Amino acid sequence: MFDIISIGDTTLDVFLEVDLEDAKGRCELDSEKCLVCFPYGSKVPVKKITQVPAVGNAANNAIGSARLGLKTAIYTVIGSDRDSEDHKKVFEDEGVDTKFVVMEADKRSNFSTVINYGAERTIFVYHEDRKYDLPQLPPSKWVYYTSVAKGHDILHKQVPEYIKKSGAKLGFNPGSYQLLEGIEKLRPILEVAEVLLLNREEAHKLVGGDISYSSP
């Protein structure tokens with residue numbers, strides 16, 4: 001039996017660190033509107049670039065759980081390119097069981113470019129189209145289900161079926177595409193979830209209501 005199985009997408013993060021001095025006059029941070037502005041057609045110096053494979057909510061949870069000494073596996077659909085091979089190797093090196101990692105032929109890895117400017121970051125995200133189909137998972141104490149791309153509707157049926165059949169507890173941390181579906185579409189998942197993980201803005205997006213902070 002596994003302690004936890006993570007379900008969700010995996011991506012390659014590329015961090016671009018903009019030098020505040022070199023970029024002075026080219027970049028402006030509007031703190032009131034929270035905008036980082038670059039003149040159209042400009043070239044902005046980048047001080048440092050860092051590539052981090054095998055990341056994303058599901059991957060981070062799987063690797064973090066393995067580092068804590070838990071028996072961990074991940075179901076994730078990746079591509080067949082070099083970046084996808086790197087993802088799988090990282091999982092193996094970290095002690096995450098990869099028998100449920102699906103490598104789709106002629107598909108690329110998901111990719112995120114993260115622009116670091118000062119203390120904040122802006123993320124450009126690319127999701128490759130995926131074909132999801134939950135495999136026959138063994139018993140697990142917990143399942144962590146999180147961000148996936150479009151076309152994941154089958155998981156709305158397969159994940160609850162696995163939870164009911166196995167008796168595993170479900171932690172659900174919906175990603176952007178899942179939140180856009182709305183609470184009715186997510187109801188089958190929510191009904192079997194033991195823990196729902198949302199920040200304030202995500203909760204507002206899902207159920208509506210007043211998001212303003214009350215004064216002390």
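The values are calculated or read from the model by the stated rules, or taken from the named source; none is laboratory data. These numbers come from a predicted model, not from an experiment. When we count neighbours, we look across all protein chains shown, and the Cβ atoms used for this are built from the backbone with ideal geometry, even at glycine. Calculation scope for accessible area: heavy atoms of the full protein, side chains included, ligands and nucleic acids excluded. Shrake-Rupley method; radii C 1.70, N 1.55, O 1.52, S 1.80 Å.
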* Asked: Which residue, K47, K107, K205, tops the fluctuation ranking in a GNM of the chain built on C-alpha contacts under 10 Å?
  -> K47
* With a cut-off of at most 12 other beta carbons within 10 Å, and DSSP calling the residue loop, which chymotrypsin sites (Phe, Trp or Tyr not before Pro) in segment 55-160 qualify? Please list them. => none
* In a Gaussian network model over the chain where Cα atoms closer than 10 Å are linked, find which of S80, S147, S109 has the largest mean-square fluctuation. => S80
* Residues of segment 57-216: accessible area per residue with a 1.4 Å probe, Å² -> 57 Å²
* Please build a GNM for the chain, connecting alpha carbons under 10 Å apart, and tell me which residue among K71, K43, K150 fluctuates the most. => K43
* Any chance you could list the semi-axes, whole Å, largest first, of the equivalent ellipsoid that the Cα gyration tensor gives for segment 73-216, using √(5λ)? => 27, 23, 15
* Residue among A66, A119, T50 farthest towards the positive dipole end of segment 39-120, charges placed on Cβ -> A119
* **Sequence-separation-based contact order of segment 58-214, relative, with Cα cut under 8 Å and 6+ spacing, percent** => 16 percent
* Which longest uninterrupted range of the chain lacks any GluC sites (Glu not before Pro) assigned by DSSP to a loop state (not H, G, I, E or B) and surrounded by at most 11 other Cβ atoms within 10 Å? -> 33-190
* To do: Quick one: dipole size for the chain, taken about the Cα centre, charges +1 on Lys/Arg Cβ and -1 on Asp/Glu Cβ, in debye to the nearest 20.
  => 400 debye
* **Straight-distance crosslink candidates among lysines, where the alpha carbon sits under 30 Å from K185 and sequence neighbours closer than 8 are dropped** => K99, K107, K131, K141, K150, K157, K164, K165, K169, K205
* Rounded if a/c is under 1.5, else prolate if a/b is larger than b/c, else oblate: which is segment 61-133, with a ≥ b ≥ c the root eigenvalues of its Cα gyration tensor? -> oblate
* May I ask what percent, to the nearest 5, of DSSP beta bridges between residues of the chain are antiparallel? => 40 percent
* Asked: Calculated from DSSP H runs of 4 or more alone, at -39500 (n - 2.57) each and per residue, what is the 222 nm mean residue ellipticity of the chain, nearest 500?
  -> -8000 deg cm²/dmol
